[in-house]
Amino acid sequence: MWQGILNKVFKVREKVAMNLSKDDEEKPFLEHLDDLRTMLVRMGMTLIASTIISFVFYQELFKALLYPMVLAGFAPDIESAKKLLINIDVAGPFMMAVNVSLIAAVIASFPLLLVFLLQFILPGLKATEKKLLFPAIGVGTGLFLSGASFAYWVVLPRALIFFSEFAESVGANQMWALNEYVTFTTRFILVFGIAFELPVIVMALVKLDFLNYRIMKSTWRHALVAITLFAAIITPTPDVLTLMLMSGPLYVLYAICVTLAYFMEKKDKEAYPEYYAELEKDQKELEKEGTDEWDNENYNPWFSEDEKDEDDEYQKPRVTPSAPPPEIEKASKTVSMTDTLDEPVDEGEDQSSVMPDEDETEPPSPSAEDKPISEKSTEELAREDESRSGNPPV
């Protein structure tokens, strides 16, 4: 399964590289795998170094994670918020420090991680094109920090209030474990930061000609449904309020992406008018060919008229004449035999070819007197006439 996924990823990467570098030479699978290994090693080393540095400041990071409890009104200050958490694991505080340091390392080293990722996805860039990556990296980092800040200041306190009130509604005492609280808050912040990277992903697809303004405009309803499902999957809480707080900003970001795609396409049309004229011509031809068939409610894409004609010709039975009635068949046999007797027969001709026998073994031929009139020859009939008249035959 993983090999098939890697093959698909490498094919897309090869296509992107060929489009950017205008080179038809393909790279083997092992070279793609080596590039992937290089990217993962760089990311891993960066995260390890950042985590070690962040671990030095784990106490300050832990206090920062307690501040949403103050914003939610559960405690007046950070020291009071610490007393609301309990530890039920021996290694709980240490794992909490490692978890907090890792999330802080991801946030701090996100620009560098994004550089490594773009270098793998967009190979074959020239020096002038690589300079354009820095604005994209800056925008991506800003969006990630915006999503994390939005979750930290707005969504996370409301989520804590919701779960606290829900626990009171069922009569349960609200006591939060240390590891559970840290895992919940760090995951919440990280998910929102990644979700806000939607414009970077969409604009990269637009730049690579996988998406355009026309497609995004015609499928905006499908995009809203997909965004809602995505928000429902990655949101750590099952409440509707958190879902709306997650999906609402994503709707706005997608609308901004559609607007940016329009201006980018307009700018490219002015720079490359011949390319877009040919592209629109091909699009119109495709729409003209597929409109009549797909608009027909009885249209079946798995069955064509040509196949129907071929099946009809193949299954059409051959017309054979029916057998004649017995009386007609007997009369036709008698006439054919009389015609055969009247025709002169050569001496050297094979009699079997003139009168084919129905059976291989012939019965003994009857005498001239026993033969019926229709089976007698002309000479035998003449002798009988002479014998009746009394004149000897000539």
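What to note about this one:
- Across segment 77-110, the qualifying residues are those that are assigned to a loop (DSSP other than H, G, I, E, B) and of a type in the set (D, E, K, R), and the one among them that is farthest from residue 148 (Cα to Cα) is 89.
- Some residue of segment 127-141 being in contact with a helix residue (DSSP H, G or I) (Cβ under 6 Å, 6 or more places away or on another chain), under 19 Å from residue 53 (Cβ atoms) and at pLDDT below 90: yes
- Hey, residue 199 out of contact with any His (no Cβ under 7 Å at 6 or more places or on another chain) and surrounded by 14 or more Cβ atoms within 10 Å (Cβ to Cβ) or not: yes
- Against the test of being touching a residue at least 60 places away in the same chain (Cβ under 8 Å) and assigned to a helix (DSSP H, G or I), the options 245, 229 yield a single qualifying residue, 245.
- Any hit, segment 175-188, residues being assigned to a loop (DSSP other than H, G, I, E, B), surrounded by fewer than 19 Cβ atoms within 10 Å (Cβ to Cβ) and not assigned by TED's automatic domain parsing to the domain that holds residue 276: yes
- Test result for residue 191, assigned to a helix (DSSP H, G or I), crowded, with 19+ Cβ neighbours inside 10 Å, among the aliphatic types (A, V, I, L, M) and out of contact with any Cys (no Cβ under 7 Å at 6 or more places or on another chain): yes
- Neighbours by Cβ (under 6 Å, 6+ apart or cross-chain): first from segment 255-271, assigned by TED's automatic domain parsing to the domain that holds residue 209 and modelled with pLDDT under 85; second surrounded by 12 or more Cβ atoms within 10 Å (Cβ to Cβ) and assigned to a helix (DSSP H, G or I): 265/213; 269/276
- The residues on offer are 100, 170, 106, 154, and the sole one that is more than 30 Å from residue 210 (Cβ to Cβ), modelled with pLDDT of 85 or more and surrounded by 18 or more Cβ atoms within 10 Å (Cβ to Cβ) is 100.
- Scanning segment 158-180 for residues that are of a type in the set (Ser, Thr, Tyr) and free of Cβ contacts under 8 Å to residues at least 12 places away in the same chain gives a single hit, 169.
- Single condition residue 209 does not satisfy, out of (1) in the same structural domain as residue 86 (by TED's automatic domain parsing); (2) not in a helix (DSSP H, G or I): (1)
- Qualifying residue in segment 189-209 (condition: at pLDDT below 85, touching an Asp or Glu at 6+ places or on another chain (Cβ under 9 Å) and β-branched (Val, Ile, Thr)): yes
- Residue among 265, 270, 280 that is at negative phi and surrounded by fewer than 10 Cβ atoms within 10 Å (Cβ to Cβ): 270
- Flag if residue 204 is within 25 Å of residue 275 (Cα to Cα) and hydrophobic (A, V, I, L, M, F, W, C): yes
The values are calculated or read from the model by the stated rules, or taken from the named source; none is laboratory data. Predicted model only: the values in this text are computed from it and were never measured. Heads up, the Cβs are rebuilt from the backbone with ideal geometry, glycines too, and the neighbour counts pull from every protein chain shown.
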